[in-house]
Structures are given as C-alpha cells and as structure tokens.
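The values are calculated or read from the model by the stated rules, or taken from the named source; none is laboratory data. Everything quoted here is computed from the prediction, not taken from an experiment. Backbone-built Cβ (ideal geometry, glycine too); neighbour counts: all protein chains shown. For accessibility, only protein heavy atoms count, side chains too; no ligands or nucleic acids. Shrake-Rupley method; radii C 1.70, N 1.55, O 1.52, S 1.80 Å.
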Amino acid sequence: MSPTSSSVTSFTPPPLELPGIGFGTYKLRGADGREAVSGAIELGYRLIDSAYNYENEGTVGAGIRDAVESGAATRSEIIYTSKLPGRYHRRADALATVEESYHRSGIGPIDLYLIHWPNPKQGHYVEAWNALIEARERGLVKHIGVCNFLPAHLEVLEKETGELPEVNQIELHPAFPQVGALEWNAAHGIITQGWSPLGRGAALDSVPVQDAARAHGATAGQVVLAWHRAVGSLAIPKAAGRQRQQENLESLTVELTDDEVTAITALGTPDGRLKGQDPATYEEF
Ligand SMILES: NC(=O)c1ccc[n+]([C@@H]2O[C@H](COP(=O)([O-])OP(=O)(O)OC[C@H]3O[C@@H](n4cnc5c(N)ncnc54)[C@H](OP(=O)(O)O)[C@@H]3O)[C@@H](O)[C@H]2O)c1
C-alpha cells in the first residue's frame, strides 16, 4: 500500500545530501539495464537518475533491490530519482503519475522527484509543482525539484508557491556550460545537476580536455566529469558497461587547475545545446 492519505501537514524536508556524481539511466532497460544499475551501485554510485518517460522505472527499481539484497548498499544510502512528464502537469494526473512511479519502482518512497520540463506554452508547471508538494506531504516522495527550468520559471514557482526546488537538472557540458544558470541556482540554494554531462561523448576530443587528460594521467571522460565538479555541477553520466562506470566514478579523484577549468568552460557557445532544446520554447510531453 502506498502512503496516500490526503491529510496535509506542514512539513520541512531534511536537507538533501547528494554524492559528488550520479548515474544516468536513459536507454538502460530490461535485464541489461537491471544489471547495469545494480553493478553501478556495487561500484559505489549512490544517486540513480530515472524518469517516468524512460520507461525503465521498474528495471531501475529491480536493479536497486538487487544491489540492496546483495549488501552493496542499504536502501537509505541510495537516492533514487524519477521525473514527471509534461503531459501530466495537471494536479490529478500528476499525483496519479507519482503514484504510478512509486509502484513501478517498488522500492518505497521516491527520494527525489523532478518536473521533467517546464513546458511554458502549456502553462501548467505551477500546478505540477503544487502537486509534487502534495505528493511529498503524502509521503510518496521525499524531495522535489525540477529539470530544465530557466530562472524566469523558478521565479514564478517561488512567487506562486513560496517554495523553490531543491534541485534543477539542466543540460550542461563543455559545449554548453550554463555559467549563468549555475550562478543563479547556487545563489538561490538550488543544487544544479548536469544532464548529458559528457555531451553524449561530443565533449571528449577537444584540445583543453585532451591536454588536461595528459597532464593528470586521466581519461577525457574523467576530465570532463572533474570539470563538472569544479564548476558546481553534479554530473549524472550514463554508461552501460562496468569499465566506463568505474572510469567515470574515479573522476572523483581528479582535481583540475583553475586554468584547465577556464579553458574547458571557454569551449561553450550560446547555441551549444546538443539538440537545440531551449526550455523557453521547447516542450516535451
Ligand atoms: N532531465 C532531462 O531532461 C534529461 C535529458 C537527458 C538526459 N538526462 C539524464 O542524464 C543522463 C546522462 O545523459 P546522457 O545519457 O544523455 O549522456 P551522457 O551521460 O553525456 O553520455 C552518455 C554516452 O556517453 C558514453 N560514455 C559514458 N561514459 C563514457 C566515457 N567515460 N568515455 C566515453 N564515452 C562515455 C555512453 O556510452 P555507453 O553507455 O555505451 O558506455 C553513452 O553513449 C541520462 O542517462 C538521464 O538519466 C536527463
């Protein structure tokens, strides 16, 4: 039975403590996906990123259960994340979707639940945010946040509901370093997570990344992930196989110099998004 009592009590969530790197699961499905998730937790990942729209909440939940049963981690050490699709921003739909996510993953309250896209033309993201607040009050989720929200959208949330998200997960990689968004989020106490942190591989061949890799005896992927840490972005790279999962986790030992960080950030361009998905106009359902 899920905790679905509609009684609403005033509630302040405990602070959200996140590790230095997370694990993305987009496209990880079925038996291979389950093994990838449990294997990642065995290696040391503790933040696992899924979404209703990835159609893998069941797979990811099973991978987490496997890892807990094998003793690799306790359930309470793992931060499981899922996301609310754009087609379900209205209150009743949003609450039913959170419940569906809860049942699909089957691992108890969801540690972090995010609105996947603001879809400003649709114009219901405040209603979705209020629904997530309600889902937290009902005990379905522990922490709530958003993805792909611009400062203008965040200001509306604060004005309309009095509550800002704990996390804003945004596209962030060397070709699109999002310096302004990082600063805005940090100034408002919001944790920035970087999606497609490796630019889906595109960020790895550039001269500053390759130079830093040589200087530190690290791989290009590790340099890019160390750059995320240096600029205040919590990267959530996806890697299907154990070798890259391990490689990415070990980026936590790489410390770049200020000059290296500056040179990698300078690779960015205003149109550096991978697929031109500007949250001011782009909508995803
Ligand atoms: N909130 C949102 O709107 C949103 C949007 C997109 C993504 N996300 C989340 O962010 C996660 C990460 O983004 P992403 O999967 O798009 O891209 P990504 O993590 O930047 O890149 C993943 C790709 O890079 C490869 N790779 C992984 N580690 C590597 C390394 N060390 N060296 C070279 N290649 C490496 C992977 O291949 P293999 O798997 O074959 O190793 C995969 O093809 C997603 O899985 C998802 O959880 C969120």
* Filter the stretch 124-140 down to residues that are within 16 Å of the ligand (Cβ to nearest atom) and touching a residue at least 40 places away in the same chain (Cβ under 8 Å) and give me whichever is farthest from the chain's Cα centre (by Cα). => Ala128
* Note down all Cβ pairs under 9 Å where the first residue falls in the stretch 107-123 and is touching a residue at least 60 places away in the same chain (Cβ under 8 Å) and outside any loop (DSSP other than H, G, I, E, B), the second is away from the ligand (no atom under 12 Å from the Cβ) and among the acidic types (Asp, Glu), and they're at least six residues apart or on different chains. => Leu112/Glu166
* Asked: What's the number of the condition Tyr88 fails, among (1) open to solvent by less than 40 Å² (accessible area, probe 1.4 Å); (2) within 16 Å of the ligand (Cβ to nearest atom)?
  -> (1)
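Given the options Ala218, Ala235, Ala280, name the one that is of a type outside the set (Val, Ile, Thr) and free of Cβ contacts under 8 Å to residues at least 60 places away in the same chain.
On the way: Ala235 fails: free of Cβ contacts under 8 Å to residues at least 60 places away in the same chain; Ala280 fails: free of Cβ contacts under 8 Å to residues at least 60 places away in the same chain.
Being of a type outside the set (Val, Ile, Thr) and free of Cβ contacts under 8 Å to residues at least 60 places away in the same chain holds for just one of Ala218, Ala235, Ala280, which is Ala218.
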* Please find, within the stretch 146-188, the residue that is surrounded by the fewest Cβ atoms within 10 Å (Cβ to Cβ) out of those that are aromatic (Phe, Trp, Tyr) and out of contact with any strand residue (DSSP E or B) (no Cβ under 7 Å at 6 or more places or on another chain). => Trp184
* Looking at (1) under 20 Å from Ile191 (Cβ atoms); (2) open to solvent by 40 Å² or more (accessible area, probe 1.4 Å), can you tell me which one Ala31 breaks? -> (1)
* Structure fact -> Every listed condition ((1) within 11 Å of the ligand (Cβ to nearest atom); (2) touching a residue at least 60 places away in the same chain (Cβ under 8 Å)) holds for Ile48 save (2)
* Take the residues in the stretch 236-281 that are within 23 Å of Asn168 (Cα to Cα) and basic (Lys, Arg), then tell me which one is most open to solvent (accessible area, probe 1.4 Å). => Lys275
* If you take the residues of the stretch 212-235 that are under 16 Å from Leu182 (Cβ atoms) and open to solvent by 10 Å² or more (accessible area, probe 1.4 Å), which of them is nearest to the ligand (Cβ to nearest atom)? -> Leu234
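Given the options Thr74, Thr59, name the one that is within 16 Å of the ligand (Cβ to nearest atom), among the β-branched types (Val, Ile, Thr) and open to solvent by 10 Å² or more (accessible area, probe 1.4 Å).
On inspection, the qualifying residue turns out to be Thr59.
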* Unmet criterion (only one of (1) away from the ligand (no atom under 16 Å from the Cβ); (2) in contact with a Pro (Cβ under 7 Å, 6 or more places away or on another chain)) for Leu172 -> (1)
* Scan (1) closer than 30 Å to Gly30 by Cα; (2) part of a helix (DSSP H, G or I) for the single condition Phe285 breaks and write down its number. => (2)
* Select from the stretch 189-208 the residues that are open to solvent by 30 Å² or more (accessible area, probe 1.4 Å), in contact with an Asp or Glu (Cβ under 8 Å, 6 or more places away or on another chain) and within 6 Å of the ligand (Cβ to nearest atom) and list them in ascending order. => Trp195
